[in-house]
1. Test Leu58 against the stated conditions and say whether it is surrounded by 12 or more Cβ atoms within 10 Å (Cβ to Cβ) and either among the hydroxyl-bearing types (Ser, Thr, Tyr) or modelled with pLDDT of 90 or more (or both).
2. Within the range 135-155, take every residue that is aliphatic (A, V, I, L, M) and surrounded by 18 or more Cβ atoms within 10 Å (Cβ to Cβ) and give me the one that is farthest from Leu166 (Cα to Cα).
3. Suppose the filter is more than 16 Å from Val164 (Cα to Cα), in contact (Cβ under 8 Å) with a residue 12 or more places away in the chain, of a type in the set (S, T, N, Q) and surrounded by 11 or more Cβ atoms within 10 Å (Cβ to Cβ); does Ser112 pass it?
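The values are calculated or read from the model by the stated rules, or taken from the named source; none is laboratory data. The structure displayed is predicted, hence computed values, not measured ones. Cβ placement follows ideal geometry from the backbone for every residue including glycine, while neighbour counts extend to all protein chains displayed.
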Amino acid sequence: MSASVAPERSPRQITGRMVLACLVGFFGIILAMNVVLIRVAVSSFGGVETESSYKAGLAFKSDVAAAQAQDARHWAVEATFQKEGGETGITVTARDASARPLVGLSTIARLSHPTDRRRDIALDLSETGPGRFQGLASAAHGQWDLVIELAREGETVFRSKSRVAL
């Protein structure tokens, strides 16, 4: 009986072509993954907080003056949420410094998603009584920014932005 012995293979030599192929392959994979990750990041980013930082900078002084005027009024504006089936009921109450309901105001409100502007929800609030506005929103559970603006004769007299959990 003769035993067959497999011939020993000599170790593969490292050549210049093999090193070049490995380097090109390595950096090709890195480049391909960067392209994929950049594409996903750009296509999934909903936008920035400020469209133009230059225009925001120009409006800064008027924004500060509006905030100081708002603070001087000492208004109390509160929002409450109630679950109503698959939707969320929102009630906003607005009172002056003497705790009297504010009348003659129009309301603009929205639930703003903190990371994706495309998910923002405009709220249609109607005045149900003096200083009381109500509406419904169908927003997903999670963190949202509630933005409330009260206007009188076309001029915004109150603006707030609060983080809420639904």
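1. Numbers: surrounded by 12 or more Cβ atoms within 10 Å (Cβ to Cβ): no; either among the hydroxyl-bearing types (Ser, Thr, Tyr) or modelled with pLDDT of 90 or more (or both): yes.
Criteria not met by Leu58.
2. Leu150
3. No.
To keep it simple, each residue is scored yes or no on (1) modelled with pLDDT of 90 or more; (2) within 30 Å of Ser44 (Cα to Cα); (3) in contact with a Pro (Cβ under 8 Å, 6 or more places away or on another chain).
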site	(1), (2), (3)
Ala79	yes, no, no
Lys83	no, yes, no
Gly86	no, yes, no
Thr107	yes, no, no
Ser112	yes, yes, no
Ile121	yes, yes, no
Glu127	yes, no, no
Pro130	yes, no, yes
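Conditions tested, residue by residue: (1) assigned to a loop (DSSP other than H, G, I, E, B); (2) more than 30 Å from Val42 (Cα to Cα); (3) within 26 Å of the chain's Cα centre (by Cα).
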residue	(1), (2), (3)
Ala66	no, yes, yes
Ala69	no, yes, no
Ser98	yes, yes, no
Val103	yes, yes, no
Thr115	yes, no, yes
Trp144	no, no, yes
Ala151	no, yes, yes
Val157	no, yes, yes
